[in-house]
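I have placed the structure first, in the form of structure tokens, so that the comments after it can refer back to it.
Coordinate-derived values only; no laboratory data. Keep in mind that what you see is a predicted model, and the values were worked out from it rather than measured. Virtual Cβ from ideal backbone geometry, glycine too; neighbours counted across all protein chains shown.
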Amino acid sequence: MKVFVTGATGFVGQALCAELLRSGHQVDCLVRPGSEKHLAGLPTLTPKVGDLFAPAALAQQMQGCDAVIHLVGIIREFPARQITFARLHHEATRSVVSACQQAGIKRYLHMSANGSRKDAVSAYHQTKYLAEEEVRASSLDWTIFRPSLIYGPGDQFITMLVKMLTRLPVIPVIGDGRYHMQPLPVEQVALSFARALTLPQAIGKTYHCGGAECLSYNELLDQVAAALGKKPPGKIPQPLVIMRPLVSIFQHLPFFPLTSNQLQMLLEGNCCDTREWRADFGFEAVPLAQGLTYLGRQG
């Protein structure tokens, strides 16, 4: 099968493209000028420089493909550079869906996020849901994936925790650290997309994806420390009554590590019911301790 991928240069995108190639598929991927270098380790795929927001031109670039996988998304906005949730989630999806329809491509796989819903509080989840609605309203044979926290070599979140655990004597924790998440390895996300291409029962379904455990942030810290061969770290709670206004004031500075939107999502938690996903795709739940063994190899 020949597959057209958007977001191929990202963390999940690189893992997915590698999996698609291992599975014997041909891969064309949309890239921004100059970003092809991120795919240097995958020389057999075909990068296509183009504009995510030009559906007619996109349709031309998709010609000859059998399926489209849309991964593009952001976790933080930079409005001055037109990098916003509304644009990169909702408008981009509308453009890609239109391009698929113009190109006559029926099979479409979409990356969303756990927590996306009509009544979401965060702009991230609101726009992810609006993007899903564009997909559901289309005539495509679609499948939507809503993963929890995705981790693996080269990710952002676990890598950030590793840096803190190796550099700081104690770890600052926002609030009480009892908010939960359900981390899953990037390999299972990549396999999900690859298998869905030829899985008829996945058409028209929205899958929630997560790991074996729903862990609090404090428990997650302890497990990452254990994977590094360290004892559970000391933790210093940072009261929300202080953190909320602090984040609101400094979130517009590019170097500041957190936004109000991200804080809202963190405190909401990120766990889900994965039974249908595991049943349809044949996945075993991966405990975080097992999934983090790569940290020991890195050390």
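Between Q290 and M1, how many nm apart are label points set 7 Å from Cα along the C-beta direction?
Computed distance between label sites Q290 and M1 equals 2.6 nm.
Need the list of aspartates and glutamates near K163 for cross-linking: C-alpha distance under 13 angstrom, and skip anything on the same chain fewer than eight residues off.
Within the straight-line cut-off, K163 pairs with D155.
How much FRET efficiency would the formula 1/(1 + (r/R0)^6) give for L228 and F255, where r is the Cβ-Cβ distance and R0 is 35 Å, rounded to 0.05?
For L228 and F255, the calculated efficiency is 0.85.
Kindly write out, for the stretch 262-267 in residue order, the coupling ³J(HN,Hα) from the Karplus curve 6.51 cos²θ - 1.76 cosθ + 1.60 (θ = phi - 60°), rounded to whole Hz, with x marking Gly and Pro.
Per-residue couplings from phi come out as 5, 4, 4, 5, 4, 6 Hz.
Using Cβ counts within 10 Å as a stand-in for footprinting exposure, how do D28, D51 rank, fewest first?
D51, D28
Of all trypsin sites (Lys or Arg not before Pro) in the stretch 136-218, which ones are in loop regions per DSSP and have a Cβ with at most 15 other Cβ atoms within 10 Å?
Answer by residue number: R178.
Gain in length, L199 to K37, computed as 0.36 nm per residue apart minus the alpha-carbon separation, to one decimal in nm?
Between L199 and K37, full extension yields 55.1 nm more.
Which far-off residues, 5 or more places away or on another chain, put their amide H under 5 Å from the one on Y207, with H placed in the peptide plane?
Under 5 Å from the amide H of Y207: I144, F145, R146.
List the aspartates and glutamates whose Cα lies under 20 Å from the Cα of K230, skipping any in the same chain that are fewer than 8 positions away.
In chain and number order, the partners are E219, D222.
Please list 146-154, 215-223 highest first by mean number of surrounding beta-carbon atoms within 10 Å per residue.
Highest to lowest by the protection proxy: 146-154, 215-223.
Taking amide hydrogens as modeled 1.01 Å from N in the peptide plane, which residues meet the under 5 Å criterion relative to K235, leaving out close sequence neighbours?
Answer set, sorted by chain and number: I171.
Give, in whole angstrom and from largest to smallest, the semi-axes √(5λ) of the equivalent ellipsoid of the chain, with λ running over the eigenvalues of the Cα gyration tensor.
Equivalent ellipsoid semi-axes, largest first: 32, 22, 19 Å.
Step through the table entries K2/K48; K37/K128; K2/K37, compare each Cα-Cα distance with 20 Å, and write down the pairs that go over it.
Result: K37/K128; K2/K37 exceed 20 Å.
Per-residue HN-Hα couplings for the stretch 128-138, Karplus 6.51 cos²θ - 1.76 cosθ + 1.60 at θ = phi - 60°, whole Hz, x for Gly and Pro?
Residue by residue, the stretch 128-138 yields 4, 5, 4, 5, 4, 5, 4, 5, 5, 7, 7 Hz.
Long-range amide H contacts for D141: which residues qualify at under 5 Å (H placed 1.01 Å from N, peptide plane, sequence gap of 5 or more or a different chain)?
For D141, the qualifying residues are R107, Y108.
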